[in-house]
Each structure stands twice: as structure tokens, then as C-alpha cells.
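Here is the structure we will look at, set down as C-alpha cells.
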Amino acid sequence: MDFTIPSELKDLVESVRQFREKALMPVEHDFLINGKLDLDVRKSLENKAREQGFWALDVPEEFGGQGLGFLGKCLVTEELYKHPAMFEFGGSPESSMYYTNEEQKQRYFFPIIEGKRKSCYAFTEPDTGSDFARIRTVARRDGDNWVINGRKTFISHVDRADFVILYATTDPEAGSRGVTCFLVDKGTPGFELSRPIPTMGDDWEPYELTFNDCVVPDANRLGELGQGWEIANFQLTRGRAKIAACQLGVAQRCIDLAVEWAKQRVTWGKPIATRQAVQWMLADSEVELEAARMLVYRAAWMADEGLPIRNEAFAAKLYASEMAQRVTDRCLQIFGGLGYSREVPIQSFYRQVRVWRIGHGTSEIHRWMIARNMLGLSSRDA
Ligand SMILES: Cc1cc2nc3c(=O)[nH]c(=O)nc-3n(C[C@H](O)[C@H](O)[C@H](O)COP(=O)(O)OP(=O)(O)OC[C@H]3O[C@@H](n4cnc5c(N)ncnc54)[C@H](O)[C@@H]3O)c2cc1C
């Protein structure tokens, strides 16, 4: 593979690094102590970023974005995730929103790019997460409308969203082939945020949702009947590669901190950096980070070349999320007691990366899918 990072993307990453230093670092201490970023602070950071041109970076130019592509998105994400608030730039619709028709683009897609609306997505239910074919939230046709009943759980950022990209079955007998996608506005009668679910993450409280005879017009159906699995796959595949990029930023920041700390912390008259036990933790972390980086960049580059990346995204997220778990653990260990404290960001990263062995598909399901691909087995309905 002949692969280099284009110089304009390197320049972009440098300007994102400067944004991180100037705008995000000043709020790091408060974030670590309180475990959250105040909503007003988040909004003002978003505005500041937008003023500096960090907006709709990966959106194709034909839709009014900057057309930086998926590699650009991953590089920017890597840089931003060196901060534990895991702040992201706005104006980028979820990948599934590219399935909107012309009329839906006006109501949902362009308003996201313009910064007027936000979305979140809902697959998971109390009785099913990994197994898409078992989705039981049902959408029943009623003239020009759909009547939706069911429950969703662990839905992230619904509190900040204006609408939900909802996956429901329109044919309960058909397994994953019966799943259809809908755009459901918050405030639609029958749709409620039933309860927040406290988690071990910082500033991340997903919700349980209920749909009780919730009426949604057919005009809000995203894609064709039964196309939900394909749309979800497109979204999840891209999401997995991006999540893998997040792990690179987390791991790089923790390694940088651990290297500095190891050089200055003295025991028995010498910096701990001179001890082989500490050096090996650093070396293993560095090698694993670089290996993950190659998996992520390759997947992103392939996506920009228009190549399918389903398997590459599984591999990148599987390896990078497990890598980040090991690296944050080692770096916390190098810091000793201080690593466990809220004075340094490592404990926050350590807790937060845990979710990525679960969300967007668990490590076990990723391994299963990679093996199925190797064995030439169908990737649908086990
Ligand atoms: C903080 C957080 C945020 C989330 N945000 C969202 C969101 O915004 N939208 C959304 O839709 N969902 C969201 N989720 C849900 C997440 O995607 C699911 O938790 C995940 O897909 C796993 O599903 P599950 O929890 O039902 O686990 P299960 O599917 O019940 O799996 C339980 C365990 O069994 C293993 N397992 C299951 N089947 C197999 C198998 N066939 N072979 C081997 N092992 C297997 C799994 O790997 C796992 O270890 C979020 C979850 C968390 C924790």
C-alpha cells in the first residue's frame, strides 16, 4: 500500500492541535474534577470552533461542506480525543443521513450542516443489542402514517438531539430483513425519554426511550421498507472506523503524559524512566498504538478511495479499542497513585475507553464477523 498523509491534512491537524491547546485545555481541569462539560461551555466551544472554520469538515462540497473526506475526519478526531471531554466539531450528519431523499434533506440533513438541528440513533432495546434481527420496536402502517410502539435503551446524546434515527421492525417475521428506519422528532406525541442511565463514563448519560402509539408520517421513513440493516451497516461501519480513530488520540495523549512523568519521577535516586519495567510498558504501548494507527488510516484511506471497509472497520475498532484499554491501564500504572486521581486525565480516559469494547458492536461480535469473513460465511442473520 502506497500511503502518505497529504500535506493539507497535516496542516489541518496542526490547526486542530492549536485549537485544542488554546480552547480545550483551559477547561480540562474543571472537566476532570466535575466529570462533565457544562452545556454552555460546550456550546461556546462549538461556536468558537465554527468561527475558526472547524465545521462540516468531512461533508462533501456539493452539500456545502469542506469535503475533507474520511481520512481527514479520522485525523481531526484523533487530535480532538487527546482531550478527555471528547469534544467533536459540528455540522457533520450521521452517515445514515446520506440516505435521506430530497425532501428529507431540506428538513433534516441540511439543518444539521447549518447547525440548526442535531440527531442521535436508536437500535438497542432492553431485549436486544448485538442481535439486530431481534429488534421488537414495531412500526405498523396506518394509511400515510406509521404507528410505533416499543422501547429503546442506551441511546446517547438524545438529550441534546432534535430527532432520533430510529430502527423498528415493519415485518416482525422477517428478522433483519424486516427492519426499517424512521426519523422521529422529539416532541412527537407518544415518544418519551423515560429515564437517563448513569454510566461509568464522564459526561455520558444515555437514555431509555419509549414509543407508545407514536404516529410518524411515511414521509419520515428513511430509505426503503426493510432497508434498515443496510443503512445501519453503512452508519456503523463508518462509526467503527471513527471510534478507532478516537482511541489513537486517547492512547497518544496518555503515552505522552506517561513519558514526561517517567522522566521526572525519581525513586531510589533515579528517574523511573530508567527502569526496565517502566520502559517495557512504554514500548509495548507505543508499538500497539502504531499498529492501531495503521489499521485506522488504511480503513479511512480505503473509504476515500470508494472501497468497501466493513471488515477493515471491524479490525480497526477491535484492535484500537482493546489497545486503548491496555495503554490507558499501563500509563495509569506508570503514574502510580497520581494516575488514579482526578488531578490527571488518565483515569478519565481509562474509564471512558471501556465503552468502546461494547458500543457499535462488542469485541466478541467483531471477532465473530472477522472470522465469518475469513471463512466466507454470510455476514447476515447467523
Ligand atoms: C454508554 C453507551 C452508549 C450507547 N449508545 C448507544 C446509542 O446511541 N444507540 C444505540 O442504539 N445503542 C447504544 N448503546 C448500546 C450498545 O450498542 C450495545 O450495548 C451493544 O451493541 C451490545 O449490546 P447489548 O448491551 O445488548 O449486549 P448483548 O448483545 O446482550 O451481549 C452481551 C454479551 O454477550 C456477548 N455476545 C452476544 N452475542 C454473542 C455471540 N453470538 N457470540 C459471542 N458473544 C456474544 C456480547 O459480546 C457481550 O459480551 C450504547 C451503550 C453504552 C454502554
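Quick notes on this one:
- Restricting region 99-125 to residues that are under 15 Å from Gln235 (Cβ atoms) and of a type in the set (A, V, I, L, M), the residue that is farthest from the ligand (Cβ to nearest atom) is Ile112.
- Residue check for Trp204: surrounded by fewer than 19 Cβ atoms within 10 Å (Cβ to Cβ) and either within 16 Å of the ligand (Cβ to nearest atom) or closer than 30 Å to Asn34 by Cβ (or both): yes
- Restricting attention to region 3-62, the residues that are part of a helix (DSSP H, G or I) and touching a Leu at 6+ places or on another chain (Cβ under 9 Å) total 14.
- Residues of region 353-382 satisfying the condition of being within 16 Å of the ligand (Cβ to nearest atom), over 24 Å from Thr124 (Cβ atoms) and either touching a residue at least 60 places away in the same chain (Cβ under 8 Å) or not in a helix (DSSP H, G or I) (or both): Leu377
- Ser96 within 14 Å of the ligand (Cβ to nearest atom) and either more than 21 Å from Gly359 (Cα to Cα) or in contact with a His (Cβ under 9 Å, 6 or more places away or on another chain) (or both): no
- Qualifying positions in region 39-65 - touching a helix residue (DSSP H, G or I) at 6+ places or on another chain (Cβ under 8 Å) and crowded, with 17+ Cβ neighbours inside 10 Å: Leu45, Ala49, Phe54, Trp55, Ala56, Leu57, Asp58, Val59, Gly65
- Test: residue in region 126-139 that is more than 13 Å from the ligand (Cβ to nearest atom) and open to solvent by less than 10 Å² (accessible area, probe 1.4 Å): yes
- Members of region 149-158 that are over 21 Å from Pro111 (Cα atoms), open to solvent by less than 70 Å² (accessible area, probe 1.4 Å) and within 14 Å of the ligand (Cβ to nearest atom): Gly150, Lys152, Thr153, Ile155
- Qualifying residue in region 343-352 (condition: within 15 Å of Val250 (Cα to Cα), away from the ligand (no atom under 16 Å from the Cβ) and surrounded by fewer than 23 Cβ atoms within 10 Å (Cβ to Cβ)): yes
- Filtering region 159-192 to residues that are loosely packed, with under 14 Cβ neighbours inside 10 Å and in contact with a Phe, Trp or Tyr (Cβ under 9 Å, 6 or more places away or on another chain) leaves nothing.
The values are calculated or read from the model by the stated rules, or taken from the named source; none is laboratory data. Note that the structure is predicted; figures quoted are calculated from it, not measured. Please note: Cβ atoms are built from the backbone with ideal geometry, for glycine as well, and neighbour counts cover all protein chains shown. Protein only, heavy atoms only, side chains kept; ligands, DNA and RNA dropped before computing areas. Shrake-Rupley method; radii C 1.70, N 1.55, O 1.52, S 1.80 Å.
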